[in-house]
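Before any comments, here is the structure.
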Amino acid sequence: MIITINSQATSEERAHLMTLLCRITANQCPIMTTTIGKSEVIALDKSKFDTRAYAALSQQKAIERLVPIQTAYKLVSRAFQSENSTIVVGDSHNCNPVIVGGIEPVVIAGPCAVENREQLLATAQGVQTAGAQILRGGAFKPRTSPYQFQGLGIEGLHLLNEARQLTGLPVITEVMEPNLVDIVAQHADILQIGSRNMQNFPLLLAAGRHSLQRPVLLKRGLSSTIDEWLLAAEYIVAAGNPNVILCERGIRSYDPQTRNVLDLTCVPLLRELTHLPVIVDPSHATGRSTLVPTMSRASIAAGAHGLIIEVHTDPSTALCDGQQSITPEQLQKIISQTQRLARMMQGDNDLSRAV
Ligand code: PEP
Ligand code: MN
């Protein structure tokens, strides 16, 4: 259930409502007040509410609207918000703002990892010339082995700043620890929460609460269900940050031919279930640079709002994920193809109008 608080409510009426909610939930659930647009809302699990509780709530002066939501995720559901969320990226760092979630697909591109100044700046200029709107680059890298390149850390953040100044492109980079959210948010325009951390709940809460309110790109966990993924997004939104972008990056399977299995079905399905934008990462989903162009086109045809693609000026020398990285020239071709596709489809996958 989602309660919208009456903006005219007095502090006494609000206090009365909070006392009632604590009683109904027997003080067992967190009661989080979240601002969505101009409204203050409280989302709660419906299992706590019987007819008596509903009757008591309907008398409350502090409540403007009560919306019953059947799914476990509430604020991110289409049942709560029928219009698509559009997210503005990069409006605070003096760069060219980009809208994620509109009709135009957005392409995020750049290296898996920030390796050094020369590599990052050359790739940033390459992806900009190719037509990408946002630059990616990992400063903190979640590597399977402790003996692999772990990223440049804070130095990588400074290099991303420099790349933004050079190109005007907003930047996205991964944050792995709650206590690094503030510093990463100072340098980045989007916080990336990687697959391995999709259910790192303290990190989700920190990304929801941080004062700069940067948009968050939430990648699907290696073996996560769609409901688990939407509930992870719900953590960020309920904690106070409504700007979440979902990213399908393939799920674990048994076949080592591809790194993962790209679950393209999840794209139109998510567009039914949630108002949040959905993008696809064909690089980590396939693990093979030769498959990236086809799966990029397929993702846009399935209704993705954009792509995040790994690009390197010389993939054979990449310190991380070279086998799945494409060149800026290959990216340029993908961007022109996907733009044509999107124009042809003219929002055919926009379900916000159908509900
Ligand atoms: C990445 O995009 O840099 C990354 C590590 O991807 P994932 O979290 O999807 O594995
Ligand atoms: Mn990578």
If you build the Cα gyration tensor of the chain and take the root of 5 times each eigenvalue, what three semi-axes come out, in whole angstrom, biggest first? 38, 21, 19
Does the stretch 2-46 classify as rounded, prolate or oblate by the C-alpha gyration tensor (a ≥ b ≥ c root eigenvalues; a/c under 1.5 gives rounded; else a/b over b/c gives prolate, otherwise oblate)? oblate
Restricting to the chain, compute how many DSSP beta bridges are antiparallel as a %, nearest 5. 40 percent
Partners for Lys141 among lysines (Cα-Cα distance below 23 Å; same-chain residues under 8 apart left out): Lys219
Inter-label distance, nm, simple model (7 Å from Cα along the C-beta direction), Thr294/Arg196: 3.0 nm
Sorted by accessible surface (1.4 Å probe, heavy atoms of the protein chains only), largest first, Lys48, Lys333, Lys141 come out as Lys333, Lys48, Lys141
Highest first, please rank the peptides 94-100, 126-132, 104-110, 63-69 by the mean number of other Cβ atoms sitting within 10 Å of their residues. 104-110, 126-132, 94-100, 63-69
Measure off 7 Å from each Cα along the Cα-to-Cβ vector at Lys46 and Gln165, then give the distance between these two points in nanometres to one decimal. 5.3 nm
Using only the alpha carbons of the stretch 56-134, determine the length spanned along each of the three principal axes and report them from longest to shortest in whole angstroms. 64, 26, 25
Once you have the Cα-Cα distance between Met344 and Lys61, take 0.36 nm times their residue separation minus that, and quote the gain in nm to one decimal. 96.9 nm
Could you tell me the calculated FRET efficiency between Asn116 and Ile31, based on Cβ-Cβ distance and R0 = 56 angstrom, to the nearest 0.05? 0.70
Measuring from centroid to centroid over Cα atoms, what is the spacing of the stretch 104-180 and the stretch 267-344 in Å? 16 Å
The long-range amide H neighbours of Met32, using H built 1.01 Å from N in the peptide plane and a cut-off of under 5 Å, are Ala43
List every residue whose amide H lies under 5 Å from the amide H of Ile63, counting only residues 5 or more places away in sequence or on a different chain, with H placed 1.01 Å from N in the peptide plane. Asn6
Pair Cys22, Tyr254: separation of 7 Å Cα→Cβ label points (nm): 5.3 nm
Helical mean residue ellipticity (222 nm; -39500 (n - 2.57) per DSSP H run of 4+; nearest 500) of the chain: -10000 deg cm²/dmol
If I compute solvent accessible area with a 1.4 Å probe over the protein chains, what percent of it on the chain is carbon and sulfur? 50 percent
If you count only protein heavy atoms with a 1.4 Å probe, what accessible area per residue comes out for the chain, rounded to a whole Å²? 44 Å²
Mean Cβ neighbour count within 10 Å, used as a protection proxy, ranking 237-244, 26-33, 325-332 highest first: 237-244, 325-332, 26-33
At R0 = 56 Å, FRET efficiency that the Cβ-Cβ distance of Glu155 and Glu12 yields, to 0.05: 0.60
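The values are calculated or read from the model by the stated rules, or taken from the named source; none is laboratory data. Every value quoted in this text rests on a predicted model; they were computed, and no experiment measured them. Positions of Cβ are backbone-derived with ideal geometry, glycine not excepted, and every protein chain shown enters the neighbour counts. Note: areas computed on protein heavy atoms with side chains; ligands, DNA, RNA excluded. Shrake-Rupley method; radii C 1.70, N 1.55, O 1.52, S 1.80 Å.
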